[in-house]
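Every number in this text was worked out from the coordinates using simple rules, so none of it is lab data. Keep in mind it's a predicted model, so treat the numbers as computed, not measured. Backbone-built Cβ (ideal geometry, glycine too); neighbour counts: all protein chains shown.
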Amino acid sequence: MNVDKDLEKEVLTRLLNAHPQGLGKEVLDNYRGEKVVASALAFLQDRGLIKDGHVTTDAAGEYALNLPIKLTASGVDEARKLESETSQ
């Protein structure tokens, strides 16, 4: 799966700065479209950066989200790393 690094960074940063309860449907708000963001979330889940079970696919291959979306400890570390790279 090929995920745009800018989108990955944006999603991780939004989740890092979100309410501790996580993000709801607003996590999908992006000019690239909901399907692209859902795909990025699935990629992040596969890498263990968001909590497992929040992104699933149905028989047709469409993504379904179990909201809210929350980062794992590894996801927090990765988001902080990406944020610090930007500020330098």
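Numbers below:
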quantity	calculated
Residue in the range 58-66 that is in a loop (DSSP other than H, G, I, E, B), on the phi < 0 side of the Ramachandran plot and touching a His at 6+ places or on another chain (Cβ under 8 Å) present	yes
Residue among Asp4, Asp29 that alone is closer than 16 Å to Glu78 by Cα, among the charged types (D, E, K, R) and surrounded by fewer than 16 Cβ atoms within 10 Å (Cβ to Cβ)	Asp4
Sole exception among (1) farther than 25 Å from Ser84 by Cβ; (2) in contact (Cβ under 8 Å) with a residue 40 or more places away in the chain for Gly22, by number	(1)
Residue that is farthest from Leu82 (Cα to Cα) [pool: residues in the range 25-62 that are of a type outside the set (Lys, Arg) and in contact with a Lys or Arg (Cβ under 7 Å, 6 or more places away or on another chain)]	Val27
Residue check, Ala38 of a type in the set (A, V, I, L, M) and part of a loop (DSSP other than H, G, I, E, B)	no
Scan of the range 65-88 for residues that are within 13 Å of the chain's Cα centre (by Cα) and without any contact (Cβ under 8 Å) to a residue 60 or more places away in the chain, ordered by number	Leu65, Asn66, Leu67, Pro68, Ile69, Lys70, Leu71, Thr72, Ser74
Search result, residues across the range 44-64 that are under 19 Å from Lys25 (Cβ atoms), of a type in the set (A, V, I, L, M, F, W, C) and within 12 Å of the chain's Cα centre (by Cα)	Leu44, Ile50, Val55
Any chance Asp46 is out of contact with any strand residue (DSSP E or B) (no Cβ under 8 Å at 6 or more places or on another chain) and in contact (Cβ under 8 Å) with a residue 24 or more places away in the chain	yes
Unique residue being acidic (Asp, Glu), surrounded by fewer than 13 Cβ atoms within 10 Å (Cβ to Cβ) and under 18 Å from Pro20 (Cα atoms) when the list is Asp52, Asp58	Asp52
